[in-house]
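Okay, structure first, notes after.
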Ligand SMILES: [Zn+2]
């Protein structure tokens, strides 16, 4: 939290940011395309910064359709050589476009955590909201035991969420074994399976309570391509200690959570990103209707 005084009358709104990493061929571009298509359909403005040289294939028509912004950073890697350019680009996009979401697609060799560090630098730390690092892993690569050292290890170990993509290329009987292989490298971060990058996009950008209200009681249309997740609401009692909230959330098998709680210590913004539970003082109070309401996303119980 930034402790310095602000002389602005209003602080900028917080924009959630997603870092998407994974080797060439992992299928992360497909995930980006799904995010863009979903956003275009729902009128959400995405600013995409891509550092993935050569593999683009981003549908430019899609980008043009609903004022999405797209910037390519070339000539190096965003987690190291180009980190200043990344910071500058974020600032420019915030000033000129003020998108609803940032998506940063890194090159195959980038380290997601090092990329995320740029969100905490001035002045990005004043407008970036919750951030998450997602690493897309090619199931086929795991099955064949290819390139599982070095950068691969560094990438998956800094993931908030791992997407095990292309599981359809591996016999289902081998899934437990390849997942165990990934678990040896990264035991804790949540792991979801996907075919052709089809993941529940709520995991990447969780809905807020307002969005849940708008969706109403009708369940989302079921997808046969990805694992099922359920979104629910938890209403912690007013005056609950932060510690108790944290304990509740870290044992709830959650992949994401987001909302506001009236705790013993005061009003708090509560977020779960993979294995991280973050409870912080919000910069401004949310509308009354959102108080004491936390959106939870977890794997649906197997039926
Ligand atoms: Zn780098």
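Look at (1) exposed (fewer than 12 other Cβ atoms within 10 Å of the Cβ); (2) within 24 Å of residue 160 (Cβ to Cβ); (3) free of Cβ contacts under 8 Å to residues at least 24 places away in the same chain and you find that residue 280 fails only one, number (3).
Can you tell which of 127, 119 is in the same structural domain as residue 168 (by TED's automatic domain parsing) and under 17 Å from residue 78 (Cα atoms)? From the options 127, 119, the qualifying one is 119. Number of residues in region 207-258 that are modelled with pLDDT of 85 or more, in a loop (DSSP other than H, G, I, E, B) and under 22 Å from the mean Cα position of the chain (by Cα): the value is 1. Right, residue 12: over 15 Å from the mean Cα position of the chain (by Cα), part of a loop (DSSP other than H, G, I, E, B) and modelled with pLDDT of 90 or more or not? No, not satisfied. Filter region 124-155 down to the residues that are more than 28 Å from residue 68 (Cα to Cα), more than 16 Å from the ligand (Cβ to nearest atom) and touching a helix residue (DSSP H, G or I) at 6+ places or on another chain (Cβ under 6 Å) and list them by number. 139, 140, 142, 143 - these are the residues of region 124-155 that are more than 28 Å from residue 68 (Cα to Cα), more than 16 Å from the ligand (Cβ to nearest atom) and touching a helix residue (DSSP H, G or I) at 6+ places or on another chain (Cβ under 6 Å). Among the residues of region 84-123, just one is within 10 Å of the ligand (Cβ to nearest atom), in a helix (DSSP H, G or I) and surrounded by fewer than 19 Cβ atoms within 10 Å (Cβ to Cβ), namely 114. Screening the candidates 110, 124, 139 for the property of being out of contact with any strand residue (DSSP E or B) (no Cβ under 8 Å at 6 or more places or on another chain) and within 26 Å of residue 203 (Cβ to Cβ) yields one hit, 124.
Criterion first (surrounded by fewer than 20 Cβ atoms within 10 Å (Cβ to Cβ), over 29 Å from residue 258 (Cα atoms), in contact (Cβ under 8 Å) with a residue 12 or more places away in the chain and out of contact with any strand residue (DSSP E or B) (no Cβ under 7 Å at 6 or more places or on another chain)) does residue 169 satisfy it? Considered against the rule, which asks whether it is surrounded by fewer than 20 Cβ atoms within 10 Å (Cβ to Cβ), over 29 Å from residue 258 (Cα atoms), in contact (Cβ under 8 Å) with a residue 12 or more places away in the chain and out of contact with any strand residue (DSSP E or B) (no Cβ under 7 Å at 6 or more places or on another chain), residue 169 comes out as yes. Looking only at region 124-141, count every residue that is in a helix (DSSP H, G or I) and over 18 Å from residue 31 (Cα atoms) and tell me the total. So the count comes out to 3.
Checking each residue in region 163-195 for being in a helix (DSSP H, G or I) and closer than 14 Å to residue 227 by Cβ picks out 167, 168, 172, 175, 179. The condition (being away from the ligand (no atom under 14 Å from the Cβ), at pLDDT below 80 and under 17 Å from residue 21 (Cβ atoms)) is satisfied by just one residue among 48, 62, 56: 56.
The values are calculated or read from the model by the stated rules, or taken from the named source; none is laboratory data. This is a predicted model, so every value here is computed, not measured. Glycine also receives a Cβ, built like all others from the backbone with ideal geometry; neighbour counts cover every protein chain displayed.
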